[in-house]
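Working notes, beginning with the structure itself.
Taken together, the values in this text are just the output of simple stated rules run on the coordinates, not laboratory data. Note that the structure is predicted; figures quoted are calculated from it, not measured. Don't worry about glycine lacking a Cβ; one is built from the backbone with ideal geometry, like all the others, and counts go over all protein chains shown.
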Amino acid sequence: MNVRGTVAGDVAVKTVTTSYGESELAEVPVRLERDPETGEPIAGDDATAPTTVTCWGKWVESAQLLEPGMELSVTEAETDEYRGEVRYSTTSDSYVVVEPGFLVNVTAIRSWVECPRLYYLNKLSGVPLNYPVVKGTLVHEVFGDLLRGRALEEAIEERIDERGLELGLLGESPDSVAEEVRQNAAAIEGWLEQGRLTDEDDWRSEQLLISETFGIRGRADAIRRGAPVELKTGKNLRKEPRFKDKIQAACYALLLEENGDPVDTGTLLYTKNSALDRNEETGDLTPAKDFSMGNGLLKYVVRVRNELAAMEARGAVPTGNEGNAKCEYCFERDTCMVVSGRLDQESKAGQIGQPLPEEELEHFERFYRAIEEERAEVHREYAKLWEQTAEERADDDRALIDLEFLEKRPLEGGRWELRARKEGAATSKLREGDLVLASDGHPVRGNSELARIEVLDEEVVLTADEPVEVTRLDVYPSELTTDRLLVALHDALLKGEGRRKDVLFGRVEPEFEDLDETFIDNNDAQNEAVRMAVGARDLALIHGPPGTGKTYTIARAVRAMVERGERVLLSAFTNRAVDNLLEALLEQGFSDFVRVGTESGVRRDIQPYRLERSGDPEERLEELQDAQVVAATTATCGSRVMKEQVFDVALVDEAAQLTEPGTYAAINLASRFVLVGDHQQLPPVVRAENELSTSLFERLVDVHPEAGVMLDRQYRMNQRIQAFASSAFYDGELRPATPAVASRTLDDLEGVSRDALPEHLRDPVSFVDVPGDDERYTDTEEAKTIAELIETYEAAGLDPSNVGVIAPFRAQVSEISRHVPNSVAVDTVDRFQGSSEEVIVVSFVASGELEGPIFEDHRRINVALTRPKRALVLVGDAAALEGDSVYRELLEWAQA
DNA sequence: GCTCTGCTCAGAGGA
């Protein structure tokens, strides 16, 4: 039976004498969530009384890592009664897992075994672009292709082509790379031939494995007869596989064992060994080293994993003394010493250099913790894969379930196309281009593959390395962005240049070059913004409230910078914002830019400017290197390719939506930077509530108000509409740019007559009182009223495509969508940010007592209220809204 | 307790 619970007190370690001799044991007080025998939740007094779990033998090591509050799981436990009390203890088949909900990567365990500090350094500073790594990746890809039955030369050619950009940056030619890959592949092929003779088909490549029992996840290179095969392109001239390689294979064995039969062997394939390791007697090529995996090794792996998980749970930093690696042999020794020195950390290798100033150290630690909290949230997403039922996942929009599997079709190159049919109404967070877990029923327990969504319609089309009869798709939680945030933070504070940091921490005032030039004629604030952006030696902050032409202003600034011969990085958090900037540049007749990003992320009209990753290395390199303007999301700025690029200036739009480390990812690449945003609109999207919720933009506006300028004239809203937002959010400083803007009404639109509208809708701002229904996240009455409103507007001559409807909840969005014509854009506030419509209808979904904020915080209301140009209609239950002071003011304004 | 976008994924190797 499996025992699982929360550690409720201190662990006691004892030595006892048993019939087998002296033994160590650890007694752990554990508060169980469920009865281990029945699986029923424990209720009442029993829930608070801790049970003792005894860990015998080597598991004492893992038990000693535990602290109150940590999670513990023991498999194959047995019950024993001790002085009338029911207790549990480990058996010879047990595994003890510390913090099982924390899914540790196989490669993390591998580097932890080598040296715990190496694990930490990898996490902090990432792995830069280098040739051995790219070559290793290529050989692995070709290996996978061979297993999937592809011809060698074809595989080599295509895989190298795919990495054109990276190879270009590394200055490698396709021919020489192909030759090296070919040499490695020869070893693989030779070995495969032997394997095929005895065992034709029992192979599979690249499987993503997740273990809910052991809290481990990873991707195995290949599986042969149920056992892991791990490919290594590095050198190993010794007879035995390297220890860390064995550990890696053993991790996959554990993962495979969870859903299948016990695994007792592993194979390591050292492809560089072929020529060197020829067996003199038989003449065989022997790149493969098989080794047996006993229980002891597998348990060791879990103990190592426990060390890592416990260290992360405590928020501690490894010193390197935990292991027994020799620093003299370590590749990362210098990095290790520098990081230790800069962060004033204890480390086995020692320290070099001066520590960061106290305030920077403190800043680093706070953000490090915040990012790790964010990572923990990603891990929680993983746990939901098995903790929630399929139905709960679907209700949470995290899965599409009950798909009807249609077909699997082999594609050229050994990959597969999978098709399934979904019910039309089913919704989820999944979008085309996303990576998902495609399974035949359960993403962890069933047959499951990492797949990409090619088409998401009534019929779903996926591509994957291996076929699976897909009936369910789950969101795949990725740590990629968290990883990149950490590296960006590290780069900003540890590698950051002195003056940059002085400015960031408010120790030095930003400087500006005095420019006389007029860039924009009839808008002083915009002109000043461009002047500051162009003349900034350190930074400039442009505050752009709704409709004030910030995109236009940025585009103008970019052109001015380009004229001065500067190389410019354009960035923003979302793909949409990046493409909007480029659109503005195109409108101003400038098209000499390159867009870096994924095919599914970049908007159709910007695709011609998108940098292909594949192709001739020199050509790809030139395209990127020669581009004076490069545009990418901040996440992409943290990619290996972008990190090789250097810019004079980074311009970041929608900066108020970015976390501080997220902003660093972009500005780390440039010597000066301009942030553009509005901290009165949406804040960063983060899972955990912590420092990440405040943007660098907002912080710097406070620290350096003199480096900022606010665009104060808006080109969007009728005066009546903007009045509330201006006074509530912009100190009354937001004004219509022209009298024409101030007085714009629906009458200006062709064929529309306000006189045809009922009295109460003729004003640019109106309120429609709907006593709502009592549903929490939907309101059918409001939805019906909104549908009627749209008909009324239509009758007055307005095309429904000029109406946008904003609702606070997704449930209400779909409710309203069912009632109104397709041409009406219905969405949440978040998705409306950055766009506008002639008429905006806001659905409040409030009735009875207001329970908590509807549009979460004031910034969401601001966004909702500032989308319309000519008319704003608020729809809600007046009696309910009046219960909240902000909404009461809003009603007074709307009904004035 | 709601709102939400990123990203090839994870792993690739250097003596």
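Inter-part distance, the stretch A:364-387 to the stretch A:154-187, computed on C-alpha centroids, equals 37 Å. Between A:E454 and A:T6, the distance separating the two model label sites (each 7 Å from Cα on the Cα→Cβ line) works out to 4.7 nm. Taking amide H atoms as placed 1.01 Å from N in the peptide plane, the amide H of A:K232 lies under 5 Å from those of A:L269, A:Y270, A:T271, each 5 or more residues away in sequence or on another chain.
In chain A, the DSSP-assigned H stretches of four residues or longer account for a calculated mean residue ellipticity at 222 nm of -11000 deg cm²/dmol, using -39500 (n - 2.57) per stretch and the full residue count as denominator.
The tail of the calculated P(r) for chain A, taken as Cα-Cα distances beyond 52 Å, holds 24 percent of the pairs. Once the Cα atoms are used to define both axes, helix A:885-895 deviates from the longest principal axis of chain A by about 40 degrees. Under the simplified labelling scheme, the A:T745-A:D830 pair shows an inter-label distance of 3.8 nm, with each label point 7 Å from Cα along Cα→Cβ.
Angle of helix A:810-819 to the longest C-alpha principal axis of chain A, folded into 0 to 90 degrees and rounded to 10: 50°. For A:F673, the residues 5 or more places off, or on other chains, whose built amide H falls under 5 Å of its own are A:L539, A:A540, A:A650. Angle check, please: helix A:295-314 long axis (alpha carbons) against the longest principal axis of chain A (alpha carbons), in degrees 0 to 90, nearest 10. The angle comes out near 30 degrees. The stretch between A:D857 and A:S176 holds 239.4 nm of extra length on full extension. This uses 0.36 nm per residue minus the Cα-Cα distance. On full extension, the segment bounded by A:S823 and A:E162 gains 234.0 nm, given 0.36 nm per residue less the C-alpha separation. With R₀ fixed at 41 Å, the C-beta to C-beta distance from A:E392 to A:K495 puts the FRET efficiency at about 0.40.
Coupling constants for the stretch A:58-63 follow from the phi torsions by the Karplus curve (6.51 cos²θ - 1.76 cosθ + 1.60, θ = phi - 60°), and in residue order they are 5, 5, 4, 3, 5, 5 Hz; glycine and proline get x. Between amide H atoms placed 1.01 Å from N, distances below 5 Å from A:G804 occur with A:V839, A:I840, A:V841, all of them 5 or more places distant or on a separate chain. Model label sites at A:R888 and A:A151, defined 7 Å from Cα along the beta-carbon direction, differ in position by 7.9 nm. Calculated FRET efficiency, A:V86 and A:Q64, Cβ-Cβ r, R0 30 Å, to nearest 0.05? E between A:V86 and A:Q64, to the nearest 0.05, is 0.80. In order along the stretch A:158-165, phi translates into HN-Hα couplings of 6, 5, 5, 4, 4, 9, x, 4 Hz, rounded to whole numbers, per the Karplus curve 6.51 cos²θ - 1.76 cosθ + 1.60 with θ = phi - 60° and x for Gly and Pro.
Under the classification rounded if a/c is under 1.5, otherwise prolate if a/b is larger than b/c and oblate if not, where does the stretch A:1-145 fall, given a ≥ b ≥ c as square roots of the Cα gyration tensor eigenvalues? In terms of gyration-tensor shape, prolate. Sorting the segments A:530-536, A:78-84, A:739-745, A:590-596 by their residues' average number of neighbouring beta-carbon atoms within 10 angstrom, most packed first, yields A:530-536, A:590-596, A:739-745, A:78-84.
Length gained on full extension, A:A896 to A:R687: 71.3 nm, using 0.36 nm per residue less the C-alpha separation. Evaluating 6.51 cos²θ - 1.76 cosθ + 1.60 at θ = phi - 60° for every residue in the stretch A:442-457, the Karplus couplings come out as 9, x, 10, 8, x, 6, 9, 9, 7, 10, 10, 7, 8, 9, 10, 9 Hz, glycine and proline recorded as x.
With a cut-off of 16 Å on the backbone N, the residues of the stretch A:859-877 near the modelled label site 7 Å out from A:H760 along Cα-Cβ are A:872-877.
Each Cα pair under 8 Å and six or more residues apart adds its separation to the average, and for the stretch A:468-592 the resulting relative contact order is 16 percent. Across the stretch A:70-210, the relative contact order, built from alpha-carbon pairs under 8 Å that are at least six residues apart, equals 16 percent.
Answer rounded, prolate or oblate for the stretch A:673-787, using the Cα gyration tensor with square roots of eigenvalues a ≥ b ≥ c: rounded when a/c is under 1.5, else prolate when a/b is larger than b/c, else oblate. Oblate, because a/c is 1.5 or more while a/b does not exceed b/c.
Each Cα pair under 8 Å and six or more residues apart adds its separation to the average, and for chain A the resulting relative contact order is 8 percent.
Shape analysis of the stretch A:469-573 places it in the oblate category; the axes a ≥ b ≥ c from the Cα gyration tensor give an a/c of at least 1.5, with a/b not above b/c.
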